[in-house]
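The values are calculated or read from the model by the stated rules, or taken from the named source; none is laboratory data. Being a predicted model, the structure only gives us computed values, none of them experimental. A quick note on method: Cβ atoms are made from the backbone with ideal geometry, for glycine too, and the neighbour counts reach across all protein chains shown.
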Amino acid sequence: MTSTFNAFDLMYIIPLLVLAVTGLLLVLAESFFKGRQRNHLMGLAVAGAIAAAVTAMILFRYTPDDEQGRLVLGMLKADRFAYFFTVLISFATAVTALVGASYQDEHNWQSGEFYGILLLVATGMTVMAMAADLVSAFIGIETMSLGIYVLVTSRRQSLRGTEAAMKYFVMGAVASAFMLYGIALVYGATGTTNLDSIEKVLANVQDLQLGLLVAGVFLLVIALAFKVAAIPFHMWAPDAYEGAPTPVTGFMATAVKASAFAVFIRIFVNTFEAESTAFGHMGWTSPLIVLAALTMTIANVAALRQENIKRMLAYSSISHAGVALVGVIAAGLGNREAATTAVMYYLAAYTVTTLGAFTVVAWLGSRDRERVLVDDFSGLASRHPGAALAMTVFMLSLGGIPPTAGFFGKFYVFKSAMEASDQALLWLVILGVINSAVSIYYYLRVVMTMYFRDPVEEFKPLRAGAITVVLVICALAILEMGILPGFWLGLAGG
Amino acid sequence: MASAWVLPTILGLPLIGAILVMLIPRSEAGLARGFGFGFSLATFCISLAILGYFDSEYGRFQLVVDKEWIPGLNAHFKVGVDGISLWLVILTTFTTPIAILSAYRAVDKHVREFIAAMLILEVGMLGAFVALDMFLFYIFWEVMLIPMYFLIGIWGGKRRIYASIKFVIYTMAGSLLMLVAIFYMYAKHGAITGEYTTDFVALQKNLVLSSEAQFWCFAAFGLAFAIKVPLFPLHTWLPDAHVEAPTAGSVILAGLLLKFGIYGFIRFAMPMFPAGSQAWAPLLAILAVVGIIYGAYVAFAQPDVKKLVAYSSVSHLGFCVLGVFAMTAMGIEGSIYAMLSHGLTTGGLFLAIGVLYERRHTRRLAEFGGLWKQMPVFAGIFLIITLGSAGLPGLSGFIGEFLTIFGTFVASDASIPVPRLLAALAATGVIFGAVYLLYMFQKMMFGPITHEANRTLKDLSGREIAVFLPIVAMVFFMGIYPRPFLKSMEPAVERFMTTYHTKLAQTRDQTYVPGVSPKQARAAESSNPGALVPRLQPAVAASAPAAVAPPADAQAAALQAVAKRATAPPVAVDQAPAPPVAVDQTAGPPVATKIDPQTRVAGVKGALR
């Protein structure tokens, strides 16, 4: 393990540095702006996120496919996997900043630190995606989480938001404790926190302290399950999602989840072999299988009854996390390459779709009334056909109906689960597709409300060209990813 | 190949049409209609080119286009037609412009969206009929769903929301399990041959699943198709969807969408999982007969004409299912023919009901009566279509029903239980069919005019006559001269039966190797992936040579004898002590001893003449 400082290595973490520096600049710049002017900071935030995405793309191109990845500062790993997630996170950040500005304008609250914190959160996420050490993963998670707590409550007048942030904070603190304790136990068993070294130790050393290791791994599973809001560790999610300002909800449902899954894959799939972590013959996947089955099913049933679209999307995002967990399990059970690709594609598809959906929800509300009930969408198609069409695409994609990205993502995850380990996951796949069929009901309910009902009152949506651009990009990307997924699979390593 | 352009063109044309229509300004409803009709008509004209290129002596897929599509998955954009799908494709392109034309008056809100939905629906249907890649098929299969959902939900009747969501949930529930079966085949094929593919032809050729796996895969595929048909206990979505759908939607639904159930059985479920098919066939055949009689009874009791016709579909499609599972060439050809005829006549009946509904805004039988005097042209057309649906000899319905019933009658009792009884029961369904259809006609057309509103009814307009004319012409043509249709189906149907029986023999071979339990065989198979492939090659090759000249005097009895022989327990090829890993042994072409597909086909052909 060489951790000598090499200035040249900094080149590999340019996206991370861009995000961090822009975030700090934004925090500084905030004090020079007042009132509504603060929303001009949005430009800088978007530029920073885009710059990070572009540099990540360039580095992605120059990172050979087969390379193990370069260790930077002994803590971060620069490989294609990391850059893929960096682009995804930067995209979500840019969209959130764009939508967040119009949203703040309309709802008459100006929060300049919103942008700075957003970028710093993105920095933490990038650290998570690049984590090569349990400690750096923890630092990334904490950086992200602390920022998100603030973002949730950034609309200070809102009681709901404050309550949600409080709940989220307490739960998140517990999860962090689990994570730390898990890291400590794993360190006790293996003598290192570096993921590569842990892998070597697991492969070579015979007389491991298995009790410590298994306990540590289970604590890590619980901590990460909190972060992706897998059932039964999801209690905070619906409230936090509902209470947070809508653009922040979209950010939480996508970037937070994607980066948590990046850590999941880094720690579990790439480090701990499922078979060698003694707990039954399936190792750490056995608790995950239970989590995935519960998550998909319970979240779906709960989503059926939701009248509030933000809550509905919250439960839907929980159930999507369940599907992604199926992919992680498949990756752990011997189908590592294909299933990792599947999870990455799935998260990309899910991120684009969910961001789009939350953007529509944020767009629809006006100052007098935030329209967050499903019934508030009544007759949208006859007044705003473009937005209704975009929302339809998002809903179909979330429901997994071809030819959308959401369908192909689900297809690919379930396919990889089917190939893993001699059809041992067949029942999980069947449960997954039954859940998809159930989920169609509540997604189509939104479509039905938009198209089949007459408008009840006039719509006064936000007026912002940026939102139109976001919707068009998301909808087209979903269709493109669904019809010609080959390119994206190639990027994800398949 | 010069003909390769046709199928992509007929898929692309409606899609381009749909996109262009959405770009037309909202106020230009007339222009949108014109575009829709023009594009669908052009698609129909181009689809006729398939007939020109199609070689009806040839049973394999023709006009095949195979382009790489998703490299990571090895899914291809592979399309082609054979005798089974040929006429269904033409029926689709034929019906769509008629449906669009019929909706010129009926649909007056969101015209642009309506036309786009119809055109996208056409793309989905055509794609599902010509797709030769399981993944591609699944995509098209689902693409059909969404436009239909909107057609029912936006332009439908009072309970449209309930009906549309019921339609989607039913169909999705079935098709998602089919998707799991597709995964399973994909994974198995990859494990056995080392090549992951979703190509239907490759899967059908190389992948012989164990009987148990076939049982479940057939169940998964069969559920999706049985819901679509719809088979008896799964039919409840159909009357709701039909009654609430606008006329054009009903025409497409009854005329085309329901055909995918039968088509799916013939194209995918049966040839890929013959052992599963054999296990399920008795149940499905009995349910089909129950559906025939139940549908007819319930239709008779309906006060709403549209619901009556909807239930008549349940009854008519029962014939198709029965014919398919009888596993005789005649039954299958009859089944396909009955599908075509049902598409024309039931589509026509829904159009006729639509004409009346536009004028009177009611569909209750009791509201009509004595219309013959008011609308003689309409009454005449309605009569022809009704009689065609009821199966009057000389009209299209008769040929299909006759062939399916006869095909069932001569079927071997190895494929379905008590074939003669089932055929007899199905034949009573024909009588019931005549009863309720003629009852409906008499109630509406004859007798005195009992409602004042009916006195002012106008007869058909020029546009409406243009809508009905092609249907009436085809009802006559298909009734009088079925030869060209049957002739182009024959080679494909024979090929279907050959592959079915070859594969059945291979399945038996693989599963019941003496001394080796299926589990051991599977273990051997997964430990030695390449082993199965060379063993299967001879079997496939043996079925390839051209057919032996059929013996002229082969009759139904001969056919039954052949069928019995084919289904008797196979004589084990190697009586030698069981080898440790039996699957590794190349036991020579197993087909020769177990079944002689050529003889069987010859027998069937003889029976047909």
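A few points about this structure:
- The numbered conditions (1) within 11 Å of another protein chain (Cβ to nearest Cβ); (2) of a type in the set (A, V, I, L, M); (3) touching a residue at least 40 places away in the same chain (Cβ under 8 Å) are all true for B:Leu132 except (1).
- Residue match in region B:135-143 (condition: under 21 Å from B:Phe225 (Cβ atoms), more than 9 Å from chain A (Cβ to nearest Cβ) and in contact (Cβ under 8 Å) with a residue 12 or more places away in the chain): yes
- For region A:413-431, residues that are in contact with a helix residue (DSSP H, G or I) (Cβ under 7 Å, 6 or more places away or on another chain), more than 9 Å from chain B (Cβ to nearest Cβ) and part of a helix (DSSP H, G or I) total 4.
- Scanning region B:138-159 for residues that are of a type in the set (D, E, K, R) and over 15 Å from B:Trp237 (Cβ atoms) gives B:Glu142, B:Lys158.
- Number of residues in region A:451-494 that are surrounded by 21 or more Cβ atoms within 10 Å (Cβ to Cβ), of a type outside the set (A, V, I, L, M, F, W, C) and more than 14 Å from chain B (Cβ to nearest Cβ) equals 0.
- Per-region count, region A:437-451, residues under 13 Å from B:Gly153 (Cα atoms) and either within 24 Å of the chain's Cα centre (by Cα) or not in a helix (DSSP H, G or I) (or both): 2
- Taking the criterion of being among the β-branched types (Val, Ile, Thr) and surrounded by fewer than 17 Cβ atoms within 10 Å (Cβ to Cβ), the only residue of region B:349-367 that qualifies is B:Thr362.
- Tally, over region B:123-140, of residues that are touching a His at 6+ places or on another chain (Cβ under 9 Å) and under 18 Å from B:Thr171 (Cα atoms): 2
- Test: B:Leu179 is in a helix (DSSP H, G or I), hydrophobic (A, V, I, L, M, F, W, C), at the interface with chain A (Cβ under 7 Å from one of its Cβ atoms) and closer than 14 Å to A:Pro402 by Cα: yes
- Selected residue (only one of B:Leu425, B:Leu438 is in contact with a helix residue (DSSP H, G or I) (Cβ under 8 Å, 6 or more places away or on another chain) and either surrounded by 17 or more Cβ atoms within 10 Å (Cβ to Cβ) or of a type in the set (Gly, Ala, Ser) (or both)): B:Leu425
- Flag if B:Leu203 is at the interface with chain A (Cβ under 10 Å from one of its Cβ atoms) and either of a type outside the set (Lys, Arg) or over 30 Å from B:Val111 (Cα atoms) (or both): no
- Taking region B:419-445 as the range and being of a type outside the set (A, V, I, L, M), within 30 Å of B:Tyr104 (Cβ to Cβ) and in contact (Cβ under 8 Å) with a residue 60 or more places away in the chain as the test, only B:Lys443 passes.
- Verdict on A:Phe8 being exposed (fewer than 14 other Cβ atoms within 10 Å of the Cβ) and within 28 Å of A:Ser154 (Cβ to Cβ): no
- Taking residues in region A:438-464 that are over 21 Å from A:His320 (Cβ atoms), and partners anywhere that are in a helix (DSSP H, G or I) and among the aromatic types (Phe, Trp, Tyr), the pairs with Cβ atoms closer than 6 Å and at least 6 places apart or on different chains are A:Thr449/A:Phe377; A:Met450/A:Phe377; A:Pro461/A:Trp363; A:Leu462/A:Trp363.
- Selection within region A:373-403 - facing another protein chain (nearest Cβ under 10 Å) and of a type outside the set (A, V, I, L, M, F, W, C): A:Ser382, A:Pro385, A:Thr392, A:Gly399, A:Gly400, A:Pro402, A:Pro403
Rundown of residues vs (1) touching a helix residue (DSSP H, G or I) at 6+ places or on another chain (Cβ under 6 Å); (2) more than 15 Å from B:Ala248 (Cα to Cα); (3) modelled with pLDDT under 85; (4) buried (at least 24 other Cβ atoms within 10 Å of the Cβ), yes/no style:
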| position | (1), (2), (3), (4) |
| --- | --- |
| B:Ile115 | yes, no, no, yes |
| B:Leu119 | yes, no, no, yes |
| B:Glu122 | yes, no, no, yes |
| B:Val130 | yes, yes, no, yes |
| B:Phe135 | no, yes, no, yes |
| B:Glu142 | no, yes, no, no |
| B:Phe150 | yes, no, no, yes |
| B:Lys158 | no, yes, yes, no |
| B:Phe167 | yes, yes, no, yes |
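- Which listed residue is more than 10 Å from chain A (Cβ to nearest Cβ), in a helix (DSSP H, G or I) and either within 30 Å of B:Ala219 (Cβ to Cβ) or basic (Lys, Arg) (or both), from B:Leu119, B:Leu91: B:Leu91
- Some residue of region A:23-42 being buried (at least 17 other Cβ atoms within 10 Å of the Cβ), of a type in the set (S, T, N, Q) and at pLDDT below 85: yes
- Selection from region B:161-173 of residues that are at the interface with chain A (Cβ under 9 Å from one of its Cβ atoms), under 19 Å from the mean Cα position of the chain (by Cα) and of a type outside the set (A, V, I, L, M, F, W, C): none
- Failed item in (1) within 14 Å of chain A (Cβ to nearest Cβ); (2) part of a loop (DSSP other than H, G, I, E, B); (3) of a type outside the set (Lys, Arg), with B:Ala18 passing the rest: (2)
- Residue match in region A:296-306 (condition: part of a loop (DSSP other than H, G, I, E, B), basic (Lys, Arg) and either surrounded by fewer than 24 Cβ atoms within 10 Å (Cβ to Cβ) or modelled with pLDDT of 90 or more (or both)): yes
- Filter result for A:Arg61 (assigned to a helix (DSSP H, G or I), of a type in the set (Lys, Arg) and farther than 30 Å from A:Asp105 by Cβ): yes
- Selection status of B:His242, at pLDDT below 90 and either among the basic types (Lys, Arg) or farther than 29 Å from B:His342 by Cβ (or both): no
- Residue identified as surrounded by fewer than 23 Cβ atoms within 10 Å (Cβ to Cβ) and under 18 Å from the mean Cα position of the chain (by Cα) among B:Leu231, B:Leu317, B:Leu223: B:Leu223
- Yes/no for A:Tyr441 being surrounded by 24 or more Cβ atoms within 10 Å (Cβ to Cβ) and either under 22 Å from B:Phe135 (Cβ atoms) or at the interface with chain B (Cβ under 9 Å from one of its Cβ atoms) (or both): no
- Only one of the numbered conditions (1) free of Cβ contacts under 8 Å to residues at least 60 places away in the same chain; (2) more than 9 Å from chain A (Cβ to nearest Cβ); (3) β-branched (Val, Ile, Thr) is violated by B:Ile152, and that is (1).
- When the criteria are applied in full, A:Gly283 fails the requirement of being buried (at least 23 other Cβ atoms within 10 Å of the Cβ) and either part of a helix (DSSP H, G or I) or touching a helix residue (DSSP H, G or I) at 6+ places or on another chain (Cβ under 9 Å) (or both).
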